[in-house]
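Student: Right, I'll just put the structure down here and ask away after.
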């Protein structure tokens, strides 16, 4: 199932750009400018025009801040529960609500002073305090983008991202295989993020086959469990590094180090991951072929989408093929 | 140029990049500074529209638009070197390099349009009773182009990941290492 249309619109997926960071230019810039006009009104005799201008800009800032809060909240809901940005986002949101509340009061108080020639000092100080909070919260918002990549490359993913990490243990499995509960029912193109005794693994189902590999990209540690899939490869959402999901080899940079992969087998309809050993490397020919196919159109995904649909239309025994693959590898 | 002075130049360039890219700040400076022109010029357009439609004598609208354009020009000039510093680190074969060039070109045109707009307003006096048609059109064209170039700038971040994960690489490498993953080379 793909995400709902409203949600993907609010996330800005059709235009490849999240809406929240686009709209927040307005409240930030308008609040700053409103303060500049307040200061300008203290120069010389002041001007009723400056006092009013400051009021207009502040009103625009509050209105656009309210508008920005909607896509911002939707973006926040889509962050994985145990991600540090979930907490950062909660701070960002709380501080912004405080800022909007302070500006709301500030705006109300200014309504009665629109004929002044100089801005009321108490109201100007209130603006300074609110701007200080806004600076902190804006910085946190920037951290979420530039440090944690929230919203980056999200539009290339057509299925929902994992919203929590499933914690499992290999302690009770003497053969080294860990059963992943309910993994056999996930839809094609979806991923589960697993934490097996501290080892974080992305389990993906692509064209009916299961692949398990490390969650962190080897370029800048982008989340591969939130990536997209083509030709049996996973593409990192951040900088489009492509890895072969069976062998872990880098098909396309900027990453240079292969990812760890784990053998998956389906026993009695249950998906099981072998934690201890990595999968054996595939023949070099296959990798080269995949590389050649990918280099033709390195930035396009539409073709893979068509292939996925074609594969879905053909009824194939996916369980058999997955077990056959793991038998070859183990 | 001798070898030592060349390496000195290299150090200076590295230092300038470090400062302009905002690595000391933990947040790129360019997208932070561009909040101002990107919000103030559209605000000037809205004020012009209101002033034009309402007619009559509303110097508070035109004066505010004048200030918005002035502050937008000042902050845009500050944003130029930070943008160049970020752009210089994109590898030449990457598509983001070209997007950055177009972004830069459009922004240069937008800047010139708002300089012309500002000069017209100064000639008419900052507190003129209402915005003229020429001023309104200049603002509208400038903002239209600004939206395109701002979108391209956003694409560089959200589609191509420019500056994403640069400062946080040590943090996430440590997390990945603890999670039993292969980590990026140092």
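No value in this document is a laboratory result; all are computed from the given coordinates. What you see is a predicted model; the values in this text were computed from it and never measured. Cβ coordinates were reconstructed from backbone atoms using ideal geometry, including for glycine residues, and neighbour counts include every protein chain displayed.
Student: Translational diffusion coefficient of segment B:134-186 at 10 °C, 1.306 mPa s, Stokes-Einstein with Kirkwood Rh over Cα pairs, in µm²/s as a whole number.
Tutor: Translational D for this selection: 112 µm²/s.
Student: Placing one identical point scatterer on every Cα of segment A:79-192 and ignoring solvent, what is log10 I(q)/I(0) from the Debye formula at q = 0.09, 0.10, 0.13 Å⁻¹?
Tutor: After summing over all Cα pairs, the log10 values are -0.48, -0.55, -0.73.
Student: What Kirkwood Rh does chain B have if only Cα atoms enter the pairwise 1/r average? Answer in Å.
Tutor: For chain B, inverting the mean 1/r across all distinct Cα pairs yields 18.8 Å.
Student: Using the beta-carbon distance between residue B:24 and residue A:268 and R0 = 35 Å, what value does 1/(1 + (r/R0)^6) give for FRET efficiency, to the nearest 0.05?
Tutor: The value I calculate is 0.05.
Student: I would also like to ask the following. Where in segment A:127-169 does the label zone of residue B:178 land, with the point 7 angstrom along Cα→C-beta and an amide N cut-off under 20 Å?
Tutor: A:144, A:147-150, A:164-169
Student: At R0 = 22 Å, how high is the FRET efficiency between residue B:11 and residue B:89 if r is their beta carbon distance? Nearest 0.05 is fine.
Tutor: After rounding, the FRET efficiency stands at 0.85.
Student: Tell me what the protein assembly as shown gives for mean residue ellipticity at 222 nm when only DSSP H runs of n ≥ 4 count, each as -39,500 (n - 2.57), the sum divided by the residue total, rounded to 500 deg cm²/dmol.
Tutor: Using -39500 (n - 2.57) per qualifying helix, the result is -19000 deg cm²/dmol.
Student: Compute the angle between helix B:3-20 and the longest alpha-carbon principal axis of chain B, please, reported from 0 to 90 degrees and rounded to the nearest 10.
Tutor: Around 60 degrees separate the two axes.
Student: Can I ask one more? Provide, for q = 0.06, 0.13 Å⁻¹, the log10 of I(q)/I(0) from a solvent-free Debye sum over equal Cα point scatterers in the protein assembly as shown.
Tutor: For the protein assembly as shown, the Cα-only Debye profile gives -0.35, -1.20.
Student: Using every Cα-Cα pair within segment A:40-141, state what percent have a distance larger than 23 Å.
Tutor: 36
Student: If I take R0 = 30 Å and measure r between the Cβ atoms of residue A:4 and residue B:151 in this structure, what FRET efficiency does the formula 1/(1 + (r/R0)^6) give, to the nearest 0.05?
Tutor: 0.80
Student: Okay, next question. Round to the nearest 10 and give me the degree value, 0 to 90, for the angle of helix B:133-158's Cα axis relative to the longest principal axis of chain B.
Tutor: Roughly 20 degrees between the two axes.
Student: What is segment B:57-127 by shape, rounded, prolate or oblate, if you read a ≥ b ≥ c off the alpha carbon gyration tensor as root eigenvalues and call it rounded for a/c under 1.5, prolate for a/b larger than b/c, and oblate otherwise?
Tutor: Prolate is the answer for segment B:57-127, as a/c is 1.5 or above and a/b outweighs b/c.
Student: Taking the alpha-carbon centroid of each part, what is the distance from segment A:72-148 to segment B:55-75 in angstrom?
Tutor: Each part's Cα centre sits 25 Å from the other's.
Student: Quick one: P(r) of segment B:32-72 from all Cα-Cα pairs, 10 Å bins, percents rounded to integers, in order of increasing distance.
Tutor: The distribution over segment B:32-72 is 34, 47, 16, 3, given as percents.
Student: Residues of segment A:53-78 with backbone nitrogen within less than 17 Å of a virtual label 7 Å along the Cα-to-Cβ line of residue A:109, please, listed as ranges.
Tutor: Flagged as within label range: A:54-56, A:58-59, A:62.
Student: Shifting gears a bit: Taking chain B as the reference, fit the longest principal axis to its C-alpha atoms, fit the long axis of helix B:59-88 to the helix C-alpha atoms, and give the angle between the two in degrees, 0 to 90, nearest 10.
Tutor: 20
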